[in-house]
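Peer 1: Please read through the structure below; I'll follow up with questions.
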């Protein structure tokens, strides 16, 4: 793999990062030239605005114009903007930039007919269908603020978001489709609206062929009927100019208690950062096909299914399916091959699922991946065994990179567009321009290279990162800025090495204290995942009266493994003792059929820990299958230390 990657000597990364360090404002002013502005910004960065300052103050633009109109004007109208591929329904569709602009301008006019204007909020509660993308861009077109809530999210959680965002309108669909089942959205939406104190004026519902929802007279409206009427009346909305510092969207982080945190994204910094990242980080050119295998309910889908590729003038694939089971573990290879994707971005958990089902990648040779150049992984830590497996099977560079809902784009990665740096398995590589990353102790003192601490970013955060939480400046300060003055607290733990590479080992909550020794569960998971029979794993710290905490490893076996589970568990314990040492006090490995995950693929380690410790816990709102938690409870019975 490394032979295929550009050598470090050819990378422009260090030169570009130094250029940003020398002149941050000059750097971002240059990047901003890639965006079309209606009025130029008066200040690149204004430290007097907002909580820590604001980017491109006084600038006027429109995000939808940058994603669609300018490409049509510039001659890309006939190029595919969005490819929809849905193995769960058997449907495929392609929309050119011309066609996208028509659909978005029509829907934007419909929103205006409902009284939606600049600054109004619109909740989008939809599955992964093209209309959801049209809805996001239609809001951006008229200056409305969208808040996408993952389709099928529990009614109680949707109600909280309705009360916080106070949307004038909700856009939804009759159902979402999972392999083997239909998830009815309308009953969840009705329950949420009934529970919420704030009442939206109307709901527009997309009726899917798989499920016809009953519409309430007076409040609910049929999407297709509204569209037909608007087209017949030749309705179309123009782009509404907004300030760079005006909000584009609110995206709520999935809290299980209290008021959810509404991450705000502005228009100007967001457009500039995503445009810069498409070429310089991901190495994709306008006109090329790019695939982000996420959902629009998550930040990755916002940034890299919708806004990043379209602002860049690329073709974006939107996939309504799974890595396995739709129909098999070759599904991803089929999509890459069929649509000619040059790069693909997904979560590590997706590749662990593929590795579990097809460990020898026997399905891969059926497909032509000759156009495919790079695999990008993010969402949670990419364990080295999974990265190595993907490298070997694909014979392409595999890039782990690190970012968060709050940051909107990559904090640390391997910049393919600037020339790749040497790959170090287990590291997200280096900070991107705009990110001054430090590793500190509890007193905010920097720790030596190789020492685990809290990862923080020096303020100001770069364009694209959140300026605050929705109508909660004080909570923003308390949650992210107060603990380490002058820095943004990522709440991730890890270390920098002698080459400046960032190693993210897990959330700070996942660093366990074993008899006074701070140990990373991520480091232990690396060892567990290295066992040849293990497909995926999770390590938690279990409460222990003597040592404070002791690690417990949960492991899922690869498909086809028939060896005795107890023997494998003993081998795993010995492996940790050999590679990390007795200090880890690792004595318990438990085989389970699967791990509890969110719908975006993150392992619910915090809930697993509460179950193992016998503490009370609440059902996570974003869990993929609640039954898994019962399986974990059964597995730990009688196995505690």
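The values are calculated or read from the model by the stated rules, or taken from the named source; none is laboratory data. Everything numeric in this text was worked out from a predicted model, so none of it was measured. Don't worry about glycine lacking a Cβ; one is built from the backbone with ideal geometry, like all the others, and counts go over all protein chains shown.
Peer 1: Is it the case, given these coordinates, that residue 287 is part of a loop (DSSP other than H, G, I, E, B), more than 27 Å from residue 261 (Cβ to Cβ) and in contact (Cβ under 8 Å) with a residue 24 or more places away in the chain? Talk me through it step by step, then tell me what you get.
Peer 2: Working: part of a loop (DSSP other than H, G, I, E, B): yes; more than 27 Å from residue 261 (Cβ to Cβ): yes; in contact (Cβ under 8 Å) with a residue 24 or more places away in the chain: yes.
So residue 287 fits the description; yes.
Peer 1: Next question, about the same structure. Of (1) in a strand (DSSP E or B); (2) surrounded by 17 or more Cβ atoms within 10 Å (Cβ to Cβ), residue 116 satisfies all except one. Which?
Peer 2: Failed condition: (1).
Peer 1: Moving on to the next point. Under 7 Å between Cβ atoms, which residue pairs at least 6 apart in sequence (or on different chains) link something in the range 603-617 that is free of Cβ contacts under 8 Å to residues at least 12 places away in the same chain with a partner that is in a loop (DSSP other than H, G, I, E, B)?
Peer 2: 610/617
Peer 1: Could you list, in sequence order, the residues of the range 574-603 that are at pLDDT 90 or above and out of contact with any helix residue (DSSP H, G or I) (no Cβ under 8 Å at 6 or more places or on another chain)?
Peer 2: Residue satisfying the conditions is 574 alone.
Peer 1: Please enumerate the residues belonging to the range 319-349 that are surrounded by 20 or more Cβ atoms within 10 Å (Cβ to Cβ) and assigned to a helix (DSSP H, G or I).
Peer 2: 331, 332, 333, 335, 336, 348, 349, listed by residue number.
Peer 1: Another question about this same structure. Can you find even one residue in the range 398-412 that is under 17 Å from residue 536 (Cβ atoms) and buried (at least 21 other Cβ atoms within 10 Å of the Cβ)?
Peer 2: First, pick out the residues of the range 398-412 that are under 17 Å from residue 536 (Cβ atoms): 398, 400.
After this cut, where a residue has to be buried (at least 21 other Cβ atoms within 10 Å of the Cβ) as well, the list is 398, 400.
Yes; the residues of the range 398-412 include at least one that is under 17 Å from residue 536 (Cβ atoms) and buried (at least 21 other Cβ atoms within 10 Å of the Cβ).
Peer 1: Which members of the range 45-71 meet the condition of being surrounded by fewer than 19 Cβ atoms within 10 Å (Cβ to Cβ) and touching a helix residue (DSSP H, G or I) at 6+ places or on another chain (Cβ under 6 Å)?
Peer 2: Answer for the range 45-71, where residues must be surrounded by fewer than 19 Cβ atoms within 10 Å (Cβ to Cβ) and touching a helix residue (DSSP H, G or I) at 6+ places or on another chain (Cβ under 6 Å): just 51.
Peer 1: Condition first: over 23 Å from the mean Cα position of the chain (by Cα), on the phi < 0 side of the Ramachandran plot and part of a helix (DSSP H, G or I). Can you find one or more residues in the range 586-606 that meet it? Don't jump to the end; show me each part of the working.
Peer 2: We begin by selecting, within the range 586-606, every residue over 23 Å from the mean Cα position of the chain (by Cα); these are 586-593.
Cutting the leftovers down to on the phi < 0 side of the Ramachandran plot gives us 586-593.
Next, from what is left, pick out any that are part of a helix (DSSP H, G or I): none.
Checked against the condition, which is being over 23 Å from the mean Cα position of the chain (by Cα), on the phi < 0 side of the Ramachandran plot and part of a helix (DSSP H, G or I), the range 586-606 yields no hits at all.
Peer 1: Further question: Taking residue 84 and the conditions (1) outside any strand (DSSP E or B); (2) touching a strand residue (DSSP E or B) at 6+ places or on another chain (Cβ under 9 Å); (3) more than 16 Å from residue 303 (Cα to Cα), which numbered condition does it fall short on, given that it satisfies the others?
Peer 2: If we test residue 84 against (1) outside any strand (DSSP E or B); (2) touching a strand residue (DSSP E or B) at 6+ places or on another chain (Cβ under 9 Å); (3) more than 16 Å from residue 303 (Cα to Cα), just (1) comes out false.
Peer 1: Taking the options 448, 467, 462, name whichever one is modelled with pLDDT of 95 or more, surrounded by fewer than 22 Cβ atoms within 10 Å (Cβ to Cβ) and either in contact with a helix residue (DSSP H, G or I) (Cβ under 6 Å, 6 or more places away or on another chain) or in a loop (DSSP other than H, G, I, E, B) (or both). So that I can check it myself, show each step before the final result.
Peer 2: Working: 467 fails: surrounded by fewer than 22 Cβ atoms within 10 Å (Cβ to Cβ); 462 fails: surrounded by fewer than 22 Cβ atoms within 10 Å (Cβ to Cβ).
That would be 448, the only listed residue that is modelled with pLDDT of 95 or more, surrounded by fewer than 22 Cβ atoms within 10 Å (Cβ to Cβ) and either in contact with a helix residue (DSSP H, G or I) (Cβ under 6 Å, 6 or more places away or on another chain) or in a loop (DSSP other than H, G, I, E, B) (or both).
Peer 1: Then there's this: Residue check: is residue 302 in a helix (DSSP H, G or I), under 10 Å from the mean Cα position of the chain (by Cα) and buried (at least 23 other Cβ atoms within 10 Å of the Cβ)? Don't jump to the end; show me each part of the working.
Peer 2: On the way: in a helix (DSSP H, G or I): yes; under 10 Å from the mean Cα position of the chain (by Cα): yes; buried (at least 23 other Cβ atoms within 10 Å of the Cβ): yes.
Judged against the criteria, residue 302 is a match.
Peer 1: Further question on the same structure: Mind listing whichever residues of the range 182-218 are modelled with pLDDT under 95, in a loop (DSSP other than H, G, I, E, B) and in contact with a helix residue (DSSP H, G or I) (Cβ under 9 Å, 6 or more places away or on another chain)?
Peer 2: Within the range 182-218, just 216 meets the criteria.
Peer 1: Got a sec? Which of 389, 435 is free of Cβ contacts under 8 Å to residues at least 40 places away in the same chain, assigned to a loop (DSSP other than H, G, I, E, B) and either crowded, with 18+ Cβ neighbours inside 10 Å or touching a helix residue (DSSP H, G or I) at 6+ places or on another chain (Cβ under 9 Å) (or both)? Break it down into steps so the answer makes sense when it comes.
Peer 2: Values: 389 fails: assigned to a loop (DSSP other than H, G, I, E, B).
Going through 389, 435 in turn, just one is free of Cβ contacts under 8 Å to residues at least 40 places away in the same chain, assigned to a loop (DSSP other than H, G, I, E, B) and either crowded, with 18+ Cβ neighbours inside 10 Å or touching a helix residue (DSSP H, G or I) at 6+ places or on another chain (Cβ under 9 Å) (or both): 435.
Quick grid of which residues meet (1) in contact (Cβ under 8 Å) with a residue 60 or more places away in the chain; (2) surrounded by 17 or more Cβ atoms within 10 Å (Cβ to Cβ):
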{"residue": "25", "(1), (2)": "no, no"}
{"residue": "33", "(1), (2)": "no, no"}
{"residue": "38", "(1), (2)": "yes, no"}
{"residue": "80", "(1), (2)": "yes, yes"}
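Peer 1: With the requirement that a residue be within 22 Å of the chain's Cα centre (by Cα) and under 14 Å from residue 141 (Cβ atoms), what does the range 73-123 give you?
Peer 2: Correct list: 122 only.
Peer 1: Looking only at the range 140-160, count how many residues are in a helix (DSSP H, G or I), surrounded by 24 or more Cβ atoms within 10 Å (Cβ to Cβ) and in contact (Cβ under 8 Å) with a residue 60 or more places away in the chain.
Peer 2: First, the residues of the range 140-160 that are in a helix (DSSP H, G or I): 140-141, 155-160.
Still in the list and also surrounded by 24 or more Cβ atoms within 10 Å (Cβ to Cβ): 140-141, 158.
Retained after the next criterion (residues that are in contact (Cβ under 8 Å) with a residue 60 or more places away in the chain): 140-141.
Adding up the residues that qualify gives 2.
Peer 1: Taking only pairs six or more apart or across chains, which ones have beta-carbon atoms under 6 Å, a first residue in the range 541-555 that is closer than 10 Å to residue 613 by Cβ, and a second residue that is in a loop (DSSP other than H, G, I, E, B)?
Peer 2: Once the first residue is closer than 10 Å to residue 613 by Cβ and sits in the range 541-555, its partners that are in a loop (DSSP other than H, G, I, E, B) give 544/641.
Peer 1: Here is a further query. Looking at the range 620-641 only, could you name the residues that are under 27 Å from the mean Cα position of the chain (by Cα) and at pLDDT below 85?
Peer 2: Those that are under 27 Å from the mean Cα position of the chain (by Cα) and at pLDDT below 85: 620, 621, 622, 623, 624.
Peer 1: Scanning for something in a helix (DSSP H, G or I), over 18 Å from the mean Cα position of the chain (by Cα) and farther than 20 Å from residue 76 by Cβ, does the range 245-268 turn up at least one residue?
Peer 2: Of the residues in the range 245-268, the ones in a helix (DSSP H, G or I) are 268.
Cutting the leftovers down to over 18 Å from the mean Cα position of the chain (by Cα) gives us 268.
Now restrict to residues that are farther than 20 Å from residue 76 by Cβ: 268.
The answer is yes; a qualifying residue exists.
Peer 1: Taking the condition of being within 25 Å of the chain's Cα centre (by Cα) and closer than 22 Å to residue 525 by Cβ, how many residues in the range 422-457 meet it?
Peer 2: 12
Peer 1: Does residue 395 qualify as being touching a strand residue (DSSP E or B) at 6+ places or on another chain (Cβ under 9 Å), modelled with pLDDT of 95 or more and farther than 30 Å from residue 250 by Cβ? Steps first, answer last, please.
Peer 2: Numbers: touching a strand residue (DSSP E or B) at 6+ places or on another chain (Cβ under 9 Å): no; modelled with pLDDT of 95 or more: yes; farther than 30 Å from residue 250 by Cβ: yes.
Taking the combined requirement at face value, the residue does not satisfy it.
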